[in-house]
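Report on the structure given below.
The values are calculated or read from the model by the stated rules, or taken from the named source; none is laboratory data. Quantities reported herein were computed from a predicted structural model and do not represent experimental measurements. For neighbour counting, all protein chains shown are included, and Cβ atoms are generated from backbone atoms with ideal geometry for every residue, glycine included. To get the accessible areas, we keep the full protein, side chains included, count just its heavy atoms, and leave off ligands, DNA and RNA. Shrake-Rupley method; radii C 1.70, N 1.55, O 1.52, S 1.80 Å.
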Amino acid sequence: SRIPVHLCVFADTLVMAVLIFVAFFSDEDVVFTYDCSTAEKKAAQENKGEDGQPMDKGSDMILASTFSKSGSYFALTDDSKRLILFRTKPWQCLSVRTVVRRCTALTFTASEERLLVADKSGDVYSFSVLEPDECGRLELGHLSMLLDVTVSPDDCFILTADRDEKIRISWAAAPHSIEAFCLGHTEFVSRIFVVPSHPELLLSSSGDGTVRLWDYRSGRQLQCYDLASLQDLAEPRSHKGLAASRIAFWGQESCVVLLCDCIPVVFIFQLDASRQQLMFRQRLTFPHRVWDVAFEETQGLWVLQDYHEAPLVLWRPVDGQWQPAPEDAVSQRLCSCLRTSWAMLEGSVGTEESFRSLYKATFDNMTSYLKKKEERLQQQLEKKRRRSPLSGSPGQTKKACPGPAALSC
């Protein structure tokens, strides 16, 4: 999983998905908990994916989760290849379906009629929301692992991001028909996000340490911002670790937040849509690992972190600067709920960055080759020296002169 703990917010409902369980909190003090490990399991003879192959046993770890546009539905997928669909009003599990391979991302269409699921093999399947027991349908495929999928607000396009640096814009009605590619990243594309208030704009993040703004229908890059330039001078200037595991948007002030993969830093930008530019506003640094972030329109920015005393903190803008609000009553209540499950959290969540294996591996074969070549030449010269006659030994190069006894005969 790219994010060990997932945080989703819609209206007054906050969802936290942690490994084998997902808990839902709201302002009405209602808590709904669903344990994925007890989800419906197929019989042994039926325990197969849609490709007919036996399913690998997973650990019930949640890999991705999301709300629908209206908040009426919520879906998650786990490493046991289950796709679980919920209704949120009231909370109810509608279906448990199997997928072909472990998923990396999922999203609802704007109409909320279908759920798109991207997997590790590069395929996107769609599942019906209105017919919750219907099997999935293959929509499109890439030649490499997919890392994110989203749709345009009018449901005309499916946008996909893969490990091979590409962002593809496909027509939803005919996914084999490609409208454009957004090319420019030099490493895997970790996240893509269509700006809700400006549906022609796309944000993307990559392992190359940049965040880019696109006019995605034309594939034209509008801006490239190097996140390494925002690091402190005392920190090493490296692009590794700056791939975003979450891009969040706050419509009230057109704020864009990026949570990086393996450093406890959150970058805050403001989107100037008229100029089609991102403007850097603030860099939030945390003493503990940040698991996920999410905006609540009426409250501010929720930050979920690896800290027992304050696992969930609400940040709000004060005089143009984002500041924590630890005394917030809702925040304190949610922290109290999280602390009761802290033993499970502490023992289950890993600390390794999740994108490490996706970076390109570089090999300096030339240095090794030249070194071995030099060693071979030295060995050949040494052999020649041993075979050649010794210098300064005339008896070995000329016939020996006759001695006095030979002359007297």
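The table below gives the values:
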quantity: Extended-chain gain in nm, criterion 0.36 nm per residue less alpha-carbon gap, A325 and E309; calculated: 4.3 nm
quantity: Residue-count net charge about V211 - beta-carbon cut-off 11 Å; Lys, Arg +1, Asp, Glu -1; calculated: 0
quantity: Global geometry of the stretch 247-321, whether rounded, prolate or oblate, following the gyration tensor of its Cα atoms and the 1.5 cut on a/c; calculated: prolate
quantity: Heavy-atom accessible area per residue - the stretch 100-219, 1.4 Å, Å²; calculated: 35
quantity: Segments 78-89, 325-336, 191-202 sorted - mean Cβ within 10 Å per residue, highest first; calculated: 78-89, 191-202, 325-336
quantity: Extension reserve of the R333-M366 stretch, reckoned as 0.36 nm per residue once the Cα distance is removed; calculated: 5.9 nm
quantity: Inter-site label distance for M145 and T285 at 7 Å from Cα along Cβ, in nm; calculated: 3.1
quantity: Stretchable slack from D155 to R87, in nm (0.36 nm times residue separation minus alpha-carbon distance); calculated: 22.3 nm
